[in-house]
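What follows is a short report on a single structure.
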Amino acid sequence: MAKRTAVIDLGSNSMRMAIYERTSRWGFFILSEYKMKVRLGEGGYGNGGEISEQSMQKAFAAFSEFKSIAKSYKCMKIFCVGTSALRDAPNSNELIAMVRNKLGISIKVINGQDEATYGAIAANRLLPALNDAITLDIGGGSSELAFIKDSKIVGAVSLDIGTVRLKELFSDKKDKASLDEFLSKIISKIPANFRCENIIAIGGSLRALSTAIMSKISYPISTIHGFRYELKEHENFITSLIAANNDELEGFAIKKDRFDTIREGATIFLNIAKALGCKNIYTSGVGVREGVFLADFLRKSGKGELCERVGKFPEGLNVSIKSLQDRFAITDNKSVCKYARGIYDALAELHGFEGAYLNELVSAARIYNIGADIGFYSDHINSAYLVLNALNFGFTHEQKALIASIIATNGKKNVYEYDKYKTLLPKQDTVRWLSFMLSLARMLNLNCADLKLEFSFNNNTLFINGAKCLQMAKEEIKKLAKPEIFAISFN
């Protein structure tokens with residue numbers, strides 16, 4: 001099993017490399033990411049798609065640096081895929097041969113459908129579950145769409161419509177009339193059944209748009225992966241961005257290296273979103289590179305379509321929780337999880353959640369002590385920080401904020417930094433209840449992890465059966481701030 005794997009994605013605009021570290025059979029995390037703007041497609045869309053000598057040398061230099069970086073990380077595997085610019089260029093074999101012969105890196109040129117499928121595999125496995133969605137990945141030379149229906153990838157299409165392509169063919173020539181006609185003609189090639197209220201936004205341009213929206217609304221979490229917004233609420237903002245000049249773009253929280261293509265990306269996005277009848281945008285921080293990695297990480301034996309050769313994670317397993325446990329958990333928290341479930345069920349008539357928030361409570365119980373590896377003092381704050389910054393895959397931002405808040409509140413009366421995250425959190429009383437239940441479970445685990453405790457509630461008393469002689473736990477439990485007045489009895 002290769003501990004570290006590098007995946008390089010050579011696009012029309014940028015060349016990117018991500019380094020992944022496996023922590024166990026089912027655990028991994030993104031260790032690092034690198035990007036170089038090589039502009040492989042620059043000047044090519046008005047010149048038969050041919051890669052210029054300057055762009056070729058720039059790409060080769062980037063490959064050389066990326067190989068050195070991957071070697072410094074001791075990567076045992078390096079995968080490399082080329083997309084639109086290599087597909088289009090009649091002289092792409094020159095670059096492919098140069099990189100293979102001089103650097104020993106094999107570039108696999110993937111077709112548009114596979115490019116769309118790789119992005120959809122990553123989004124489908126690593127975003128919170130969406131039964132139906134269209135993935136949209138806007139690149140420099142092309143845009144890829146895949147249709148996820150009932151959590152399965154049922155179709156994929158590639159369109160010759162990308163940011164650099166539009167810039168060179170239309171924007172630089174200030175030919176808006178021809179641009180509108182071109183967009184309409186290309187978008188009409190999207191299959192008629194590709195209509196859905198949910199779009200999963202993949203790629204640098206769409207992540208830049210989401211980042212701009214997050215800045216505009218002072219969003220409390222900095223992680224882009226999993227950020228959701230409603231298109232109608234921010235359509236005017238995106239339209240204003242398209243009309244902005246370079247000086248004005250700074251006010252939209254757009255980085256300077258995106259100034260030259262962000263308006264084209266936003267234009268493509270709005271036109272496709274309207275054609276699909278889209279309402280909700282889910283931002284994906286993962287895409288083709290993660291899809292290529294997962295195709296190796298989750299590969300199944302046998303032949304068939306790409307999406308059929310990539311397996312799934314085991315039912316009930318979350319890859320980010322598994323990775324955090326592998327790296328930072330200092331104890332086995334199975335008993336805490338079991339006790340938290342038992343307490344939740346026993347106190348159901350008091351908290352009245354009717355099954356809601358149980359997943360978040362148990363998830364918090366699994367990783368409540370990962371921050372202790374950083375330091376004992378305020379370990380619950382350390383744990384919450386790791387949750388907010390590393391619990392990225394498979395959870396909504398609301399879930400992440402709640403899990404972090406359950407842990408950080410630590411059974412206290414005041415919910416930790418509630419005002420900062422309140423737009424993502426339920427009522428304070430809800431957080432208090434969940435944090436109380438986790439803290440009670442954690443304290444019962446101090447010296448009775450192997451005991452079979454049972455919980456029941458009647459006569460306004462929580463009975464903990466099998467815990468008669470737990471003096472330390474009893475002392476600690478007295479310090480807990482109960483969300484409501486009730487007694488606790490040890491039997």
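Modelled label-to-label distance, F60 and M36, 7 Å Cα→beta-carbon offset: nm? Calculated label separation equals 1.2 nm.
Entry comment: accessible area of the chain is 45 Å² per residue, from protein heavy atoms only and a probe of 1.4 Å.
DSSP assigns beta bridges within the chain; of those with both partners inside it, close to 65 percent run antiparallel. Close amide-amide hydrogen proximity is noted between C80 and I8, K108, each under 5 Å apart and 5 or more residues distant or on a separate chain (H modeled in the peptide plane; Pro and chain starts excluded). Once both labels are positioned 7 Å from their Cα atoms along Cα-to-Cβ, the gap between T396 and F237 label points is 1.9 nm.
What the phi angles of the range 49-58 give under the Karplus curve with 6.51, -1.76 and 1.60, with θ = phi - 60°, is a coupling list of x, 6, 7, 6, 4, 5, 5, 5, 5, 5 Hz, glycine and proline written as x.
If you restrict to DSSP beta bridges whose two residues both lie in the range 1-135, what percentage is antiparallel, to the nearest 5? Show your work: numbers first, answer last.
On the way: 15 of 23 bridges.
So the antiparallel bridges in the range 1-135 amount to around 65 percent.
Nearest 500 deg cm²/dmol is fine: what mean residue ellipticity at 222 nm does the chain get from its DSSP H runs of n ≥ 4 alone, each adding -39,500 (n - 2.57), divided by its residue count? When only DSSP H runs of four or more count, the value is -13000 deg cm²/dmol.
When a/c is below 1.5 the answer is rounded, else prolate if a/b is larger than b/c, else oblate, so apply that to the range 197-293 with a ≥ b ≥ c taken from the square roots of the Cα gyration tensor eigenvalues. Each step should come with its number before you reach the end.
On the way: a/c = 1.36, a/b = 1.20, b/c = 1.13.
Note, shape of the range 197-293 comes out rounded.
Taking each residue as 0.36 nm, the span from E250 to E53 lengthens on full extension beyond its C-alpha to C-alpha distance by 67.7 nm.
At the residue level, S405 shows approximately 10 square angstrom of accessible surface with a 1.4 angstrom probe and all protein chains present. Given their separation in residues at 0.36 nm each and the Cα-Cα distance between them, D332 and E230 gain 32.7 nm when the chain is fully extended. Using a cutoff of 8 angstrom between alpha carbon atoms and counting only pairs six or more residues apart, the relative contact order for the chain works out to 12 percent. Among the listed values [x] 237; [y] 159; [z] 135, the one computed from these coordinates for volume of the Cα convex hull per residue in Å³ is [y].
Leaving out ligands, DNA and RNA, and with a 1.4 Å probe, what % of the accessible surface on the range 34-192 is carbon or sulfur? Don't skip to the end; give the middle numbers.
Working: 3450 of 7150 Å².
Accessible surface attributable to carbon and sulfur in the range 34-192 totals 48 percent.
Counting heavy atoms of the protein chains alone, W26 has an accessible area of about 70 Å² for a 1.4 Å probe. The label-point distance for S489 and E454, in a model that sets each label 7 Å from Cα toward Cβ, rounds to 1.5 nm. If R0 is 51 Å, the Cβ-Cβ spacing of K274 and E94 corresponds to a FRET efficiency of close to 0.80.
Restricting attention to the range 198-332, close to 50% of DSSP beta bridges with both partner residues there are antiparallel. Overall form of the range 314-458: rounded. Here a/c, set by the Cα gyration tensor axes a ≥ b ≥ c, is under 1.5. Close amide H partners of A467, meaning residues 5 or more places away or on another chain with modelled amide H under 5 Å apart, are N491.
Placing +1 on the Cβ of every Lys and Arg and -1 on the Cβ of every Asp and Glu, with no other charges, gives the chain a dipole of roughly 1140 debye about its Cα centre.
Please say if the range 17-139 is rounded, prolate or oblate, where rounded means a/c under 1.5 for a ≥ b ≥ c the square roots of the C-alpha gyration tensor eigenvalues, and otherwise the choice is prolate for a/b larger than b/c and oblate otherwise? Since a/c reaches 1.5 but b/c is at least a/b, the shape of the range 17-139 is classed as oblate.
Pairs of Lys residues in the range 1-152 are counted when their Cα atoms are under 15 angstrom apart and they lie 8 or more places apart or on different chains; the count is 11.
How much length is gained on full extension from A481 to E349, taking 0.36 nm per residue of separation minus their Cα-Cα distance? Walk me through the numbers on the way to the answer.
On the way: separation 132, 0.36 × 132 = 47.52 nm, distance 1.86 nm.
Extending this stretch completely gives an extra 45.7 nm.
Summarising the amide proton neighbourhood of I105: residues at separation of 5 or more, or on other chains, whose placed amide H is nearer than 5 Å comprise R100.
The values are calculated or read from the model by the stated rules, or taken from the named source; none is laboratory data. Quick caveat, the model's predicted, so the values are computed rather than measured. Note: ideal-geometry Cβ built from the backbone for every residue, glycine included; neighbour counts use all protein chains shown. In case anyone asks, the SASA skips ligands and DNA or RNA and just uses the protein heavy atoms, side chains included. Shrake-Rupley method; radii C 1.70, N 1.55, O 1.52, S 1.80 Å.
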